[in-house]
1. Taking only segment 93-103 into account, find how many residues are surrounded by 10 or more Cβ atoms within 10 Å (Cβ to Cβ) and part of a loop (DSSP other than H, G, I, E, B).
2. Residue under question is Leu87, and the condition is that it be modelled with pLDDT of 90 or more, of a type in the set (A, V, I, L, M, F, W, C) and either part of a strand (DSSP E or B) or under 14 Å from Ile5 (Cα atoms) (or both); does it hold?
3. Can you report the number of residues in segment 43-62 which are touching a Ser or Thr at 6+ places or on another chain (Cβ under 6 Å) and surrounded by 19 or more Cβ atoms within 10 Å (Cβ to Cβ)?
Amino acid sequence: MKLIIAIVSNEDSHTLQSELTKANYSVTKLSTTGGFLKLGNTTFLIGTDNDKVDECIELIKKESQTRTEVVPSTASYDLGRYASFPLEVNVGGATIFVVDVEKFIKV
């Protein structure tokens, strides 16, 4: 058995959760916050059999698209002044970890 930890954008989470449920995966959804942009994201904990890992990863890839967004950025200059300018960044996609499960107990 494997545990898949998938971190995805909030924008992709609803569709991904629906697709995972339709495909009969056991899913736990956690609200989390990213580091670089401090944007909300969603972490899914998915327990599955070893032979279904690749299928699950493909489903996550399909529903977690990377896109470009413009976000405000600030740069500081001397005398305590700040200037704001737009910055293009890639958001979305997924970060996926697959770990072995030594023991699984459902009570």
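The values are calculated or read from the model by the stated rules, or taken from the named source; none is laboratory data. A quick note: this is a predicted structure, and the numbers were derived from the prediction, not measured. Every residue, glycine as well, gets a Cβ built from its backbone with ideal geometry; the counts of neighbours run over all protein chains shown.
1. Looking only at that region, the number is 2.
2. For Leu87, the condition - modelled with pLDDT of 90 or more, of a type in the set (A, V, I, L, M, F, W, C) and either part of a strand (DSSP E or B) or under 14 Å from Ile5 (Cα atoms) (or both) - is not met.
3. Final tally of qualifying residues: 1.
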